[in-house]
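Below: the structure, in structure tokens.
Please treat every number below as a calculation from the coordinates, not as lab data. A quick note: this is a predicted structure, and the numbers were derived from the prediction, not measured. Note that each Cβ is placed from the backbone with ideal geometry, even for glycine, and that neighbours are counted across all protein chains shown.
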């Protein structure tokens with residue numbers, strides 16, 4: 001199947017990466033600069049190749065046949081009297097084909113020169129056992145107070161209603177206070193200071209809460225007529241006594 | 001270049017590229033059996049004397065290493081100013097306003113999940129500390145701010161933080177473009193995590 | 001020893017110890033922010049010129065490597081890294097000489113579709129990276145080469161790609177459409193000139 005020393009190429013279908021690749025190989029057999037190749041001759045070469053392949057009953061992929069059909073059209077268009085109406089003209093088509101071949105050829109050669117360079121790991125070598133470098137970066141974080149409060153404002157605006165985390169606090173509710181004061185008041189005959197109605201040993205916030213609730217409880221019981229309240233002056237001690 | 005120089009170059013390259021210290025015989029296997037490797041090693045030793053790289057003999061094997069007095073250059077601690085990410089500053093703000101507060105509570109307030117790395121960054125900065133556990137199921141860790149936090153932000157105490165009303169008056173509660181906010185979030189969370197990873201570099 | 005010599009030693013040691021090529025900034029991180037690293041690199045370059053080890057610049061990074069002419073002494077028994085297919089070599093060349101370039105543009109030059117694996121192999125080798133999208137319908141991904149590509153192929157920069165100036169001058173890196181228009185113009189110009197000449201006759 002190898003032709004004589006002519007320009008035909010060995011039929012080796014596996015070797016070609018598509019019709020353009022085959023065309024480039026054929027063009028190179030013309031042994032001229034790609035800028036000077038004869039497109040008409042190239043078309044002949046390609047068609048002859050395809051013809052031979054089919055004579056050998058080799059399966060040709062569809063794209064090779066499409067290219068063959070297109071080249072056959074190009075050939076007739078180049079040979080027949082030119083129809084000026086026709087665009088693009090066959091000369092333009094031929095030029096485009098030649099430009100494509102030039103570009104593929106350029107990249108093929110560039111690739112070959114690239115991989116032939118002195119390559120690291122093949123021709124040149126890095127140090128076999130570098131000690132290695134370490135940069136331990138330590139962040140020194142920076143933020144301004146404005147950033148902080150603006151961030152909080154942003155969150156508050158974004159997520160209202162805000163979930164409030166209320167720490168569990170020891171309080172005396174109003175209901176408890178009313179119950180407690182009405183219970184204790186029965187046993188008191190004299191005026192007794194409001195503090196004496198607070199649970200024994202109550203301290204801190206619980207005591208404050210109990211005092212406030214007891215005061216409100218006293219007002220409520222006074223409204224109901226069950227308790228009397230006495231105070232000498234503003235902020236003076238407050239005394240309670242059961243209503244007569 | 002003399003043949004001697006050629007041999008010196010060859011021995012230099014072979015030692016440089018080797019993955020372990022080489023004996024004279026091993027070097028010969030590369031540069032030629034007839035070579036006067038000892039002579040080449042002696043020349044190399046002179047060439048590198050006092051330089052950043054030294055030719056060293058260990059037992060009967062030779063190798064290059066960085067000069068011992070320069071070892072400190074190979075590991076460097078570098079302190080760099082870093083801006084806190086948006087996730088970081090928001091988390092810090094929530095801790096400051098609500099402390100002590102658990103991570104779940106921070107997330108509930110922020111409306112966005114926070115990565116572990118975000119709180120780590122705040123602790124690394126010295127502004128946040130663990131502050132006991134909340135006595136609820138799971139006993140989650142609570143966080144609070146530190147004295148370093150007050151110092152950095154120029155606050156005498158946490159009470160100096162402007163309240164919600166102050167923020168409102170300052171226009172800091174004005175509605176913002178929510179879609180934009182949320183889009184930014186996820187990226188920053190991711191960035192926080194990446195930061196944490198690269199810290200190890 | 002002068003301070004200059006000290007710095008040169010330091011840069012030498014750092015480059016020597018590093019596992020990868022280093023940028024000037026990375027070197028500064030080890031030898032000091034104020035250091036005139038470029039000057040030290042120039043001195044080192046001179047010091048190592050013609051030696052078995054060379055200082056080389058690849059992209060904006062520097063490293064030591066063995067001199068290329070000593071390759072025969074160093075080739076290892078290890079099998080050579082997977083050989084690139086012809087499709088791989090051509091695709092790499094097209095990406096390197098045309099970057100950034102889309103898959104469709106690569107295929108237009110090669111005249112065949114490229115299989116997904118071809119670009120994957122180049123990316124896996126660390127020579128090719130995605131480089132944004134072309135703002136045309138479909139927004140196809142573009143590809144470009146990496147710093148690792150320059151390092152592996154021993155190129156100081158893309159300007160050192162073999163023959164790139166000639167290819168550029170010959171218009172062989174222009175797309176066919178553009179080249180086609182130019183060819184048309186040249187012909188017209190030529191025709192014009194002939195006309196002019198014949199006018200004079």
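Quick notes on this one:
- Working from label points 7 Å from Cα in the Cα-to-Cβ sense, the residue B:33 to residue C:99 distance is 4.7 nm.
- Full-extension gain in nm, residue A:52 to residue A:87, via 0.36 nm per residue minus C-alpha separation: 9.4 nm
- Contact order for the stretch B:3-74, expressed relative to its length and based on alpha carbon pairs under 8 Å spaced 6+ residues apart, stands at 31 percent.
- Modelled label reach - residue A:191, point 7 Å along Cα→Cβ, the stretch A:202-244 residues with backbone N closer than 16 Å: A:227-244
- Taking other Cβ atoms within 10 Å as a rough exposure proxy, C:106, B:95 sort from fewest to most as C:106, B:95.
- Taking the longest Cα principal axis of chain C as reference, the axis of helix C:86-98 is set at about 90 degrees.
- Segments B:143-152, B:159-168 sorted - mean Cβ within 10 Å per residue, highest first: B:143-152, B:159-168
- Panel order for B:60, B:5, by other beta carbons found within 10 Å of each beta carbon, from fewest to most: B:60, B:5.
- Label-point gap, in nm, between residue A:174 and residue B:58 - each point 7 angstrom along Cα→Cβ: 8.4 nm
- Contact order, relative form, for the stretch B:39-122: 17 percent (alpha carbon pairs under 8 Å, 6 or more residues apart, mean separation divided by residue count).
- Calculated FRET efficiency for the pair residue A:206/residue B:81, C-beta based, R₀ 45 Å, to 0.05: 0.40
- Inter-copy label distances at residue B:81 (7 Å, Cα→Cβ; nm, one decimal): 4.2
- Taking 7 Å steps out from each Cα toward its Cβ at residue B:164 and residue C:136 produces label points 5.8 nm apart.
- Over chain A, Cα pairs under 8 Å with separation of 6+ residues give a relative contact order of 12 percent.
- Degrees between helix C:37-48 axis and first principal axis of chain C (Cα, 0 to 90, nearest 10): 90 degrees
- Computed from the Cβ-Cβ distance with R0 of 45 Å, the FRET efficiency linking residue A:31 to residue C:20 stands at 0.45.
- Between the helical axis of A:19-28 and the longest alpha-carbon principal axis of chain A there is an angle of about 40 degrees.
- Between A:227, A:129, A:32, the GNM of chain A built on Cα springs shorter than 10 angstrom shows A:227 fluctuating the most.
- Other protein chain C-beta atoms within 10 Å of residue C-beta, averaged over C:20-26: 1.
- From its DSSP helices (H runs of at least four residues, each -39,500 (n - 2.57)), chain A gives a residue-normalised ellipticity at 222 nm of -16000 deg cm²/dmol.
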